[in-house]
Amino acid sequence: MRWFFSLIFIYLHIHLTIAQQANERPIRHFATQQVEKELAATFPEVTEARMDIEKYIRSFRPVGAIKNKNIPIVFHILRNSAEVTISEAQIVSQIEALNRDFSSQAFVPDFPANQLEGFLAKRPERLNISFCLAVSKPGANGQRGILYEDTNVAEWSADNQIKYTNAGGSDPWSTEDYLNVWVSKLADGVSGWAQLPGGPTATDGIVIDYRFFGTSGTAVAPYNEGKTLTHLVGSYLGLEELWNESIKCDDDKVLDTPLHNGPNIGCPVYRHVSTCYQYATVEMTMNFMDNTDDPCMYMFTFGQMLRMHAMLGPKGPRKMLANNGNLCYREKIAGLNGTTYDEHSSIVMQPKLSIQPNPTRGMVQFNIGNISNEFAVLQVFDPNGRQKFTTVWETPATTSTMNLDCVDWPPGIYFVKVTGDGQVITERLVITR
């Protein structure tokens with residue numbers, strides 16, 4: 001019987017270990033909606049400002065091609081323990097991640113063109129928003145936008161005190177001209193929060209926990225691809241999260257995103273159905289404004305892209321941020337793998353992916369270059385975000401080529417994603433008949 005009890009012991013030990021590991025898995029929690037609710041209660045003028053912004057959004061019409069908007073970022077690193085050790089390389093990795101995600105192609109769901117009010121004819125190839133390290137004023141003597149501050153505050157609550165020097169935090173640079181990002185250890189399991197346009201200028205910006213920042217250093221899996229800040233920047237640029245904590249199935253004011261009954265975590269399989277309708281509606285779990293693991297978030301929609309550009313437009317609440325290239329740090333700083341980066345750089349050797357022919361009626365050829373890793377993962381997603389094809393692709397430093405037969409695939413807009421060595425490329429593939 002001794003062997004029986006030994007087996008029972010081993011069984012219980014294994015399952016307790018698995019349960020403990022599951023409990024230790026970090027779960028990302030955004031406090032944006034909580035902070036926004038408290039701001040609106042404290043400052044009644046915020047509600048009126050948000051109503052005016054929505055009126056402006058409804059009247060926004062892009063004129064001609066949507067040009068790239070370059071946003072300077074100031075990083076306030078609040079060091080309250082040896083844990084919070086954020087290197088410049090880690091900061092650079094976060095800028096890289098933002099430039100990766102906000103230079104990707106906007107996802108266009110299968111909506112009739114008239115539902116997007118004719119904008120489909122003007123859709124850009126990419127989101128056309130970029131980010132750089134800020135400098136305090138034009139000129140070589142300007143202060144860089146990386147501020148390291150020691151503080152006695154052990155953990156920061158979601159009350160915006162981190163944004164005040166007299167509370168142990170760090171005062172922002174001009175919030176009209178710069179995106180201010182505070183990085184430190186946050187309390188109550190909060191991963192970060194952002195202030196949407198229309199709030200008080202004194203507290204404008206983004207706060208993020210050090211464990212969810214960048215793609216190296218203190219960043220923890222599965223949130224180590226820099227997409228926590230991508231989500232928060234989306235909020236900062238006027239996107240609401242796909243779920244509402246107060247009103248179930250409330251609309252996020254973007255036409256081409258489905259209603260979500262709550263945030264999704266992990267990596268849900270395709271056709272994760274919302275309960276917001278009497279009939280099954282597939283949630284957009286791969287959208288940056290949901291809350292799935294970083295490897296499973298990879299796109300903004302066309303409607304979300306338009307809303308962000310409206311915020312940055314000539315009459316938008318974020319207009320002062322747009323094209324502030326003169327407020328970018330112009331000296332090169334050390335980055336990852338011995339490379340160097342300047343104010344307009346996301347990766348010095350920018351990965352490349354070309355698709356020929358595109359549109360295609362069947363056969364397609366992928367050409368990839370500048371991936372430093374020995375292999376990459378290539379995935380193709382259908383118009384509903386379902387993975388259609390995946391393969392591990394050996395990628396030498398020079399260009400590599402692969403052919404794919406998609407003659408039997410339904411016509412539509414597909415997304416091609418290549419991931420290798422922390423670098424991600426996304427391109428759109430159009431199949432016609």
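Every read-out reported here was derived from the displayed coordinates using simple, explicitly stated rules and does not represent laboratory data. Since we're looking at a predicted model, the values are computed, not measured. No Cβ is skipped: glycine too gets one built from the backbone with ideal geometry, and neighbour counts run over all protein chains shown.
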Quiz item: With r defined as the distance between the Cβ atoms of Asp171 and Arg58 and R0 fixed at 41 Å, what FRET efficiency is calculated, to the nearest 0.05?
Solution: 0.70
Exercise. Could you pull out the pairs from Lys69/Lys248; Lys248/Lys388; Lys55/Lys319; Lys37/Lys315; Lys227/Lys417 whose alpha carbons sit more than 23 Å apart here?
Key: Lys69/Lys248; Lys248/Lys388; Lys37/Lys315
Exercise. Could you list which residues have their amide H under 5 Å from that of Trp393, counting only those 5 or more apart in sequence or on another chain, with H placed in the peptide plane?
Key: Ala376, Val377, Leu378
Practice problem: Please turn the phi angles of the range 355-362 into ³J(HN,Hα) values with the Karplus equation 6.51 cos²θ - 1.76 cosθ + 1.60 (θ = phi - 60°), one per residue in order, whole Hz, x for glycine and proline. | Solution: 10, 9, x, 8, x, 10, 9, x
Quiz item: Amide H of Leu186: which non-local residues (sequence gap of 5 or more, or other chain) have their own amide H closer than 5 Å, using H built in the peptide plane?
Solution: Trp156, Tyr210
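For the range 213-318, which chymotrypsin sites (Phe, Trp or Tyr not before Pro) are in a loop by DSSP, counting at most 11 other Cβ atoms within 10 Å? All intermediate terms of the calculation are to be shown ahead of the outcome.
Working: sites: Phe213, Tyr223, Tyr236, Trp243, Tyr270, Tyr277, Tyr279, Phe288, Tyr298, Phe300, Phe302; in loops: Phe213, Tyr223, Trp243, Tyr270, Tyr277, Tyr279, Phe288, Tyr298, Phe300.
Here the sparse-neighbourhood loop sites are Tyr279.
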Self-check item: Cα point-scatterer Debye curve for the range 26-325, base-10 log of I(q)/I(0) at q = 0.11, 0.12 Å⁻¹
Solution: -0.63, -0.76
Quiz prompt | Gained length - Ala221 relative to Val153, 0.36 nm times residue gap less alpha-carbon distance | solution = 21.9 nm
Quiz item: In µm²/s, what is D for the range 145-269 at 20 °C and 1.002 mPa s, where D = kT/(6 pi eta Rh) by Stokes-Einstein and Rh is the Kirkwood radius from Cα pairs?
Solution: 135 µm²/s
